[in-house]
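Okay, structure first, notes after.
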Amino acid sequence: MSLRDSIIIKNIKYIPPRLKKLRKVLGYIVVSAATAILLFLIAYYYYLSSTLPPLTTLTNYRPDIVTKAYSDDGILIGEFFLKRREVVPLSMIPERLVQAFVSAEDGRFFEHEGLDFISILRALFKNIMVGEVVQGGSTITQQVAKSILSSERTLRRKTREAILTYRIEKELSKDEIVHLYLNEIYLGHGAYGVKAAAHNYFRKELEELNLAEMAVLAGLPQAPSRYSPAVNPEMATEREFYVLYRMVEDGYINIVEATDAMNIALKVYPVDDVNSREAPYFTEHIRRYLEKTYGSGMLYREGLTVQTTLKLGMQKSAQRALAKGLADLDRRQGFRKVEGQGEWAGQMEWKNEGEWIDYFTRMTDAEPGRPAFEAGTIYKGMVTGFGGPKKETLITVGGLGSGIIPLSDIWWARKPDPETDFFSAPHVKDPSEIFFEGEIISVRFEGLRKGDREPLFSLYQEPEVQGAILAMEPESGFVRAMVGGLDFKKSKFNRAVQSLRQPGSAFKPILYAAALDKGYSPVSILTDKPFVYRDNSNGYLWEPKNYDGRFLGPVTLRTALVQSRNIPAIMTAKDIGIDYLISYARRMGISSWLARDLSLSLGSSAISLAELTSAYAIFPAGGLNKGPVVIRSVVDRDGRVLEENNSAPLRETYDNKSREVVIKSATGEKKETSLPEELTALPEWQAISPQTAYIMTCLMRGVVRDGTGKRAKALGRPVGGKTGTTDDNRDAWFVGFTPSLVAGVWVGFDDRKPLGKKETGSRAAAPIFVDFMKDVLRDMPPEEFPVPGGIEFARVDVRTGRAVPSYRKEGAVEECFREGSAPRRGGR
C-alpha cells in the first residue's frame, strides 16, 4: 500500500467528535423509537385483546334461536325471532354440505391457521381478472370471528378480528370452527345457518338436500340477496355452477357428479312468512300471550317450543266458511264498482294504443297438463261482449285466455240499497244493465263448463264486511280454530278476541241460566207485554219492543228463549236483579265491563266472541268452565317445561269459591254482590251445576228446532245454539254447539254501520256456523248430550207449561226439570 493510499484511508476513518456524538444520539433515538413502537404495539395488542369477547362465547355456543309454535297435529304455524336461526350439531350436517362451503369460501381451511395470505392474494387476482367479486379473501375462521364482532369497517376492528381469529384457531378444532360457521352464517331472507336456509328455500331438512341444493346454499355467503334462488334464480345458478367447479378442483366430487348436479331442476319455494300462512290470527294471539308472559327476550332469543291447541284442519274449514259467508253477505248488499272496475280498458295507462288490446286479447298456450287458470284465483278481465239467449258475459283475461260469466253469477249485482231486502229487490236480468264492452272487472275462475269445457268465471268484489269465528272443545276448553277477520295481511285486528261488540239476544242464555239458579224452570210463566222505563231524575224514557213488534202476553221461559222475546228477558232480569246477573255472567267467564241496568238482559254491553263462545261451552260441558285454552305446553331450549295446560284457561278467571264478586258500575263505584250458596259451593272449574247446564242445553236445542236458530237443523244431529242481532242489524251472532264442539260466529262492519235489512244473526251468521260444522263433523257420527243425575222429564203444554198426557203430540214438548220440580197432572 502506498503512502498516499494509507493517508486517504486514515482520513476516511477519521470522524470528527461532533459527528460521532450526533450519530450516537441518532442511534439512541432510533432504538428508543423502535422500542416505544414495539411497546406500543404490545400494549395495543393486549388492550385490543382485553376488549375481545371471551372464547367462552364460542365454546359455550348459545346463540339466539327461533321460537316455534305448532298446531295440535304437529304442523308448524308460527316462528318468532330476531334472527331466524336453528342450531344443528355437526354430526347432523351432511359431509358434502361442509365440503361445498369449504370449497366456496375457504379451500385451504383445513391447512391454514386462520389467516390464509395465499388465498387472499389468489382471490384478489381472480377478482381483478373477472372484474367482480367471485371469491372472498376471508377464511372461515375469520368469518366466525367477524360474526361476534361489530360490523364497522376500521383498522381497529380488522386488527381485533385478526387477533380473535388467531385465538380461535388455537383454542378450537377445525370441526368446532366449521360447526360454528355453518350455524352462524347469514344466508339471506332472515335465515342464519344452513338449517334455516334449507327450510327457507327448499323446505327440506339438511339430510334431504341434494348436491345441487347444497351448492346453491354454499354460494350464498358472498352476497345472499344477489345469489338468492328465490329472487335471482339465474344468478343463483351461475353461483351454483361455480361452487360445483370448485368442489371438483378441490377433489371432493368428480366431473360426472358435478354435471349431474348441474342438470337437476331445483324446486325453490317462495320465501314467505309462516305466521301469516296457516293460522295468522291465532298465531299472532299466541305471540302476544308469550311476549306478555315470558318477555320479549325469552320469546325472540331463547327458542321456545310451543304446542298449541289448534287443529289445522278445523282452522282451514273455519277460514273457508267465514270467507264464503262474508262473500255471500257482501253480494246481498249489491255490486260496488271499486277502483279498477267500471274502467274502460282504453283509459288505462299503456305505452301505445294497441298494447291494451294485445294484453287482453292474446292467447298463450298453457303447459301440457296445466290449466291456464287456477281455481279460486282472482283475475282482471275485459268485457268483450254479451252472448245469446243465456245472457252470458264474454270476457278475456290478459295473457291467459277467454271465458264467460253466466247470468247466474251476476244476478246479484244490483245497485247497493241498505233499505231494501235483497230477496225482495229486483235483480239483474241482463249483463248489459251493469257492464259495457271494454270495461275492466274483477273475476274469479270457477272451473270448466261441462260439455264444451269453456272457462267459467264469476263476478268478484272484495267484501267490506268483516267477521270472526272461534271453535273450541267444551270439555277441555281447547281452542281448535280461530279466525279474526277476512284478510290478516290487510287487518291484523283480531275480531275473535280483541273486538268488543254488543251480543244482542245471544246474551239471553246467560240470563236464563241465572234465572234457573234463582228458582225458575223451563215452564215458568213470563210476561210479554208493553214495558216502559222512566228515570224521573233525568227524564230518560226507555220503551223496548220485540223484534216483530208484537206482544204475546204470558209465555213460558222456553217460548221466551226459543222465540227470542225481549220483554220477558227484561222482566226476568228485573226480577232476579242486575247485580246477581252480572255476578253470574262473571262466573261464566264474561270479564268485559257490564252495564248495571236492565238493557244488559238484551245484550247491550259489548263483549268478545271468545268470551261468549266459552260461556256457551259451559252448557254442553256439564257446567264446567275450562276455556278458552290456546297453549298445551311451552318448553325451553333445554327441555324444561315452562307451562303445561291440559285444561287450564288462558284468560283471567274469577275465584269460584268466593261468594263476593266485585262489580264496577258505569259511574265507577264498586258494589259487592252475592251468588247463591249452591253456586259458591261447587267445586273448582264447575261454573254452574250439571243440572242447570243440561236444562239450558235442552232449551237451546229448542231454539234450533223451533226458533231463530232453525238453519242449524241442516246439520242433522243434536245441536243447540242461539242467534243474536243488535239494533239496526249492526251485529249478527250465532253461537252453537254439539256435545263435542262449540263454535261462535260474529259478523259486522268495523265502523258499525248496518249490515242491511233483515241481515240478522239467523241470515248473516248462522250459515257460517252450519258450513263450518258440516265440514268438521262430516265423518263423525251424531252424539247425544249426556243426561246428568238429578234430572227428570215431563211432557208439558208448550203454551201453558202444564203437564199433559205422554201420548199428546201437538202443542206439547218433552221438558226437562231438576228432580222433584216437574209439573204433575192434577197437581202443581
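Distances between placed amide hydrogens fall under 5 Å for I791 paired with E819, all partners being 5 or more residues away or on another chain.
Rounded to whole numbers, the Karplus 3J(HN,Hα) couplings from phi for segment 590-597 are 7, 9, 5, 5, 10, 6, 8, 8 Hz, using 6.51 cos²θ - 1.76 cosθ + 1.60 with θ = phi - 60°, and x at Gly and Pro. Here the label points at Y61 and K21, each 7 Å from Cα along the C-beta direction, are separated by 6.7 nm in the simple model.
Sorting the segments 175-182, 707-714 by their residues' average number of neighbouring beta-carbon atoms within 10 angstrom, most packed first, yields 175-182, 707-714.
Report the calculated FRET efficiency for R802 and S491 (r = Cβ-Cβ distance, R0 = 60 Å), to the nearest 0.05. The calculated FRET efficiency here is 0.65.
For segment 540-570, trypsin sites (Lys or Arg not before Pro) are listed when DSSP marks them as loop and at most 10 other Cβ atoms sit within 10 Å of their Cβ; the list is R550.
Along segment 281-290 the Karplus relation, 6.51 cos²θ - 1.76 cosθ + 1.60 evaluated at θ = phi - 60°, assigns HN-Hα couplings of 5, 5, 4, 5, 4, 4, 4, 4, 5, 5 Hz to successive residues, with x for each Gly and Pro. Put a dot 7 Å past the Cα of T420, heading toward its Cβ, do the same for S173, and the two dots end up 8.2 nm apart.
In sequence order, segment 408-425 has phi-based couplings of 5, 9, 10, 4, 7, 7, 6, 5, x, 8, x, 8, 10, 5, 4, 6, 10, 7 Hz under the Karplus curve 6.51 cos²θ - 1.76 cosθ + 1.60, θ = phi - 60°, and Gly or Pro positions carry x.
Cross-linked pairs K324/K415; K324/K518; K722/K757; K337/K757; K757/K809: Cα-Cα separations exceed 31 Å for K324/K518; K757/K809.
Where the only charges are on Cβ atoms (+1 Lys, Arg; -1 Asp, Glu), what is the dipole of segment 747-800 about its Cα centre, to the nearest 20 debye?
Magnitude of the dipole: close to 440 debye.
Using a probe radius of 1.4 angstrom, the carbon and sulfur fraction of the accessible surface of segment 707-795 is 47%.
Scanning residues 5 or more positions from F749 or on other chains, those with amide H under 5 Å from its amide H are Q466, with H placed 1.01 Å from N in the peptide plane. Ranked by the mean number of other Cβ atoms within 10 Å of their residues, highest first, the peptides 780-789, 402-411 come out as 402-411, 780-789.
Can you pull the percent of segment 422-558's accessible area that's carbon plus sulfur, 1.4 Å probe, other chains left in place? Exposed carbon and sulfur together represent 50 percent of the surface. Residues whose amide H comes within less than 5 Å of that of T384, counting only those at least five positions distant or on another chain, are L394, I395, T396, G438 (H built at 1.01 Å from N in the peptide plane).
For K292, give me every one of the lysines with a C-alpha distance below 27 angstrom, ignoring sequence neighbours fewer than eight places off in its own chain. The qualifying lysines are K68, K83, K311, K489, K490, K492, K626, K664. With each label modelled as a point 7 angstrom along the Cα→C-beta vector, the D260-L642 pair spans 4.6 nm. Computed from the C-beta positions of A223 and L82 and an R0 of 30 Å, the FRET efficiency is 0.85 to the nearest 0.05. Among the chymotrypsin sites (Phe, Trp or Tyr not before Pro) in segment 766-814, those located in a DSSP loop and surrounded by at most 10 other Cβ atoms within 10 Å of their own Cβ are Y807.
Applying 1/(1 + (r/R0)^6) with r as the Cβ-Cβ distance of K324 and F551 and R0 = 45 angstrom yields a FRET efficiency of 0.75. Across segment 152-288, the relative contact order, built from alpha-carbon pairs under 8 Å that are at least six residues apart, equals 18 percent.
Protection proxy ranking of 606-617, 727-738, by the mean of other Cβ atoms within 10 Å over each peptide's residues and highest first, is 606-617, 727-738. Once you order the gyration tensor axes a ≥ b ≥ c over the Cα atoms, which shape class does segment 491-553 get: rounded for a/c under 1.5, otherwise prolate or oblate by comparing a/b with b/c? In terms of gyration-tensor shape, oblate.
The values are calculated or read from the model by the stated rules, or taken from the named source; none is laboratory data. Bear in mind that the values here come from a model prediction, so they are computed numbers and not experimental data. With ideal geometry, Cβ positions are generated from the backbone for all residues, glycine too; neighbour counts draw on all protein chains shown. Please note that ligands, DNA and RNA were not included when accessible areas were found on the heavy atoms of the full protein model with its side chains. Shrake-Rupley method; radii C 1.70, N 1.55, O 1.52, S 1.80 Å.
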